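Enquirer: One structure is given below, represented as structure tokens, and several questions about it will come after.
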Amino acid sequence: MEESTSREKTLKKVRDALIEKTETPYPIIDQDSSVYADITEPLDVTFAEALVKIAGKFVYCENEDEFIATLRSFIIEKNWGLLYCQDPKIHQLLKPGGIPYESDPNAMLDARIGITRCEYLVARLGTVMVSSRLSPGRRLTVYPEIHLVLAYTSQLVPDLKQALNNLKKKYRENYPSMISLISGPSRTADIEKTLVMGAHGPKELYVFLIDDLTPPI
């Protein structure tokens, strides 16, 4: 009987609440305006600062020739060894530049350094957006110990919302089956709150940004 009484009391409260209309405390809510402050710096500067804060490394290149020269010096100075690359568009830069690379799919699991392109760079977050539509798909952004990203200033966008909107326009009906956001090197502090780099992916992330918007002098 007690249980029935408690149930009836609860149902009565629900009925009364449905009958009695309550005014909305916030009748006008702006859901379209950005919650972020406006970006005042150039997008490349904003991206570089955000990327460095999350332990990524940023390299600015005035053009593709400077990218090749810088990459060659990095390979020598850091003793990187052979790059792994399956992207034909990057091959078109590496071959004339005399930079050797491995592209055999069977060698991917043993690759120490992989280089890929990206879809967009989210300036505010220092985040790299990649998708399964880019060669070689899903794997190369995860397997190598060091991940190099080749990007252009025309791929910079201020926020994640614009990156997603651009992606919809770019692929339309042929949307990627996977979209991933890379925010610095892979890390975790799940075990005893000790930061471990490279837990689920690369230990180091380099973004080489080539300026394709500033006309040559």
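Here, each number is a calculation from the coordinates, and none is a lab measurement. Since we're looking at a predicted model, the values are computed, not measured. Cβ atoms come from the backbone with ideal geometry, glycine included; neighbour counts cover every protein chain shown.
Enquirer: Order of 161-174, 23-36 by packing, highest average Cβ count within 10 Å first? Kindly include the intermediate steps, with their values, before the conclusion.
Expert: Numbers: 161-174: 12.2, 23-36: 6.4.
Highest to lowest by the protection proxy: 161-174, 23-36.
Enquirer: Within the set of other residues whose C-beta is less than 15 Å from the C-beta of ALA123, count the net charge using Lys and Arg as +1 and Asp and Glu as -1.
Expert: -4
Enquirer: With a sphere of radius 9 Å drawn around the Cβ of LEU82, what net charge do the other residues whose Cβ falls strictly inside it have (Lys, Arg +1; Asp, Glu -1)?
Expert: Values: positive: ARG112; negative: GLU102.
Net charge around LEU82: 0.
Enquirer: Please give the Cα centre distance for segment 46-69 versus segment 162-182, rounded to the nearest Å.
Expert: 23
Enquirer: Work from the charge dipole of the chain (Cβ charges, +1 for Lys and Arg, -1 for Asp and Glu, about the Cα centre) and give the residue of THR10, CYS61, GLN155 farthest towards its positive end.
Expert: THR10
Enquirer: Kindly give Rg over Rh for segment 37-110, based on alpha-carbon atoms, with the Kirkwood expression for the hydrodynamic radius. Don't skip to the answer; put the middle values down first.
Expert: On the way: Rg = 15.5 Å, Rh = 14.6 Å.
Checking Rg against Rh, the ratio lands at 1.06.
Enquirer: Let me ask another. Taking K and R as +1 and D and E as -1, what net charge do the other residues with C-beta under 14 Å from the C-beta of THR141 add up to?
Expert: Details: positive: ARG117, ARG133, ARG138, ARG139, LYS203; negative: ASP87, GLU119, GLU145, GLU204.
That works out to +1.
Enquirer: So what is Rg over Rh here for segment 53-174, counting just Cα atoms and using Kirkwood for Rh? List each step's numbers first, then the result.
Expert: Details: Rg = 14.8 Å, Rh = 15.4 Å.
Taking Rh as the inverse mean 1/r over Cα pairs, Rg/Rh reads 0.96.
Enquirer: Follow-up question, since we're still on this one. Do you know the relative contact order of segment 120-174, to the nearest whole percent, from alpha carbon pairs under 8 angstrom that are 6+ apart? Write out the running numbers ahead of the final one.
Expert: On the way: 37 pairs, mean separation 25.6, N = 55.
Relative contact order comes out at 47 percent.
Enquirer: Quick one: which of 8-19, 94-105, 119-130 comes out on top by average Cβ neighbours within 10 Å, and what's the full order, highest first? Don't skip to the end; give the middle numbers.
Expert: Details: 8-19: 9.5, 94-105: 13.4, 119-130: 23.2.
With the highest mean Cβ count within 10 Å placed first, the list reads 119-130, 94-105, 8-19.
Enquirer: Also, quick follow-up: Taking amide H atoms as placed 1.01 Å from N in the peptide plane, list the residues 5 or more away in sequence, or in a different chain, whose amide H sits under 5 Å from that of THR127.
Expert: VAL122
Enquirer: Still on this structure: In the P(r) worked out for the chain, what percent of Cα pairs fall beyond 24 Å? Spell out each step's value before the answer.
Expert: Values: 12601 of 23436 pairs.
Of the Cα pairs, 54 percent sit more than 24 Å apart.
Enquirer: Let me check against my output: what whole-number percent is the relative contact order of the chain, with C-alpha pairs under 8 Å and at least 6 apart? Each step should come with its number before you reach the end.
Expert: On the way: 341 pairs, mean separation 51.5, N = 217.
Relative contact order of the chain: 24 percent.
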